[in-house]
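Bear in mind these aren't lab numbers, they're just calculated from the coordinates by the rules spelled out. None of these values were measured; they are calculated from a predicted model. Note that each Cβ is placed from the backbone with ideal geometry, even for glycine, and that neighbours are counted across all protein chains shown.
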Amino acid sequence: MPITREEEILGDLAARGNLRSLNTLRTHGAYIYAPDGQGGETEYYNLSSNDYLGLAETALQKRFLRSVDTERFLMGNPSSRLMTGNSPAYAALENTLAGLLGTETALALGSGFAVNSGILPAVTQKGDLILADKLVHASLIDGLRLCGEGVEWQRFRHNDMEQLATMLGRTQGKSCGRTIVVTESLFSMDGDFAPLDTLAELQHQYGFLLYLDEAHAFGIYGPESAPGTGLLAAYNAAHPELPLRAEYQVVTFGKALASAGAAVACSQQTKELLINRMRPLIFSTALPDMTLEWTRFLLGRLPEFQPKRQRLQELISVINHTLQPENPYLSQIIPIRAGTNENALRMAAVLRDEGFWTTAIRHPTVPQGEARIRVSLCASHNPYKIEQFATLCKQFG
């Protein structure tokens, strides 16, 4: 009997070390529990969660549940926002976020992928030019591909501001539409930061619009006056003489805030345009009030989480001291380089045998030959356990 197309594709993925599967896992604090195949569970130290502040815990949840109005329907929202799903909880959340970020308004959707794949096709038209960092998230790449006919997009080398300046220089004197530069403030796979200072200089020189994805920075970084509001806010507080403006500032709620959904902070006109043209908004069911209220509850407590942010910085120092004192990691995202897919899978298996749950990140999530173990530090991690993990990683060279 001939093999099916599905069997052929899956076999090819397996041969290249790219076959993925879903694991049924239960989380509790810094630990994760996986079925052991004998009716029980095996405990692992969880180093693969984006719960950077350690907010996915029951004590905080109980505080929220005591504060929420349970006399109204909270658990679902069976309509799109443009039909009957635009509950008052949306306005409350968007107003709170806009107030924190200092923008006219904000627009919340069900996921960061929905936001990033939907904005660029909605705000661009023929003649516009988009310049995107080579390592922006897959959701942004999908957004680029969905842009309409006549919208040109190019990608510059990761954080290469000289190449970006050259590309921007070519637009001078030409009759064209808008130019939008797209980047992340903290990159999700390499854990490094965009050079916001140089971007500010280029923006003042060339006048481009900026699309800044703060998914992995929001909740973690920010100025002393507004902790947790992101790297854009931190930069602008420190450099009032050369501010950086982001027309589209994207934040997610499913990482440091341990909630769900995402939003873009923007102008009122941009929001109105997105409401009319953004397909992931128009054709998606609205988020339930329970989720929206939980997110707003956490936004209101961002200053309260400052000790957790400090703890995270201490953990970064611990792993740097053991692994890379001469070339320190910059953020809570730690890439342990493996090179090949096979190497990454082997490293993950060794670490799992020692009780640490890590994920092998392989092509096409990262470029070919750049597979790695992606480690996410969390404020609930124990410094001793992180030092133990880093010591194990040193054996990989």
Shape category assigned to region 108-240 from the gyration tensor of Cα positions, a/c cut at 1.5
oblate
So for the pair THR96, ALA15, with labels modelled 7 Å out along Cα→Cβ, what separation do we get in nm?
5.3
Starting from the amide H of TRP153, placed 1.01 Å from N in the peptide plane, find each other amide H under 5 Å away whose residue is 5 or more places distant or on another chain.
ILE130
Please report, in debye to the nearest 20, how large the charge dipole of the chain is about its Cα centre when each Lys and Arg carries +1 at its beta carbon and each Asp and Glu carries -1 there.
320
Other-chain or far-sequence residues with amide H under 5 Å of PHE356's (modelled H):
TYR45
Dipole of region 262-339 [Lys/Arg +1, Asp/Glu -1 at C-beta], most positive-end residue of GLN310, GLN332, VAL264:
VAL264
How long are the semi-axes of the equivalent ellipsoid of region 240-397, defined as square roots of 5 times the Cα gyration tensor eigenvalues? Whole Å, largest first.
35, 21, 17
Computed over the Cα atoms of the chain, the Rg and Dmax in Å are 21.8, 71
What whole-number distance in Å separates the alpha-carbon centres of region 183-220 and region 264-299?
22
From the backbone phi of region 33-40, what are the Karplus-calculated ³J(HN,Hα) couplings (6.51 cos²θ - 1.76 cosθ + 1.60, θ = phi - 60°) in whole Hz, Gly and Pro given as x?
10, 10, x, 9, x, 10, x, x
Cα-centred dipole magnitude for region 261-387, charges only on beta-carbon of K, R (+1) and D, E (-1), debye, nearest 20
260
Only bridges whose two residues both fall in the chain count here: according to DSSP, what percent of them are antiparallel, nearest 5?
60
Check SER80: other-chain or 5+ apart residues with amide H under 5 Å from its amide H, H built from backbone geometry?
GLY85, ALA286
For region 83-114 and region 31-49, compute the distance between their C-alpha centroids and round to whole Å.
36
Please list, or write none, the lysines whose alpha carbon is within less than 21 Å of the alpha carbon of LYS271, excluding same-chain residues fewer than 8 places away.
LYS126
Projected onto the charge dipole of region 63-301 (unit charges on the beta-carbon of Lys, Arg, Asp and Glu, signs +1, +1, -1, -1), the Cα from MET167, PHE73, TYR90 with the largest positive-side position is that of PHE73
Per-residue ellipticity at 222 nm attributable to helices in the chain (runs of n ≥ 4 DSSP H, -39500 (n - 2.57) apiece, nearest 500 deg cm²/dmol) works out to -11500 deg cm²/dmol
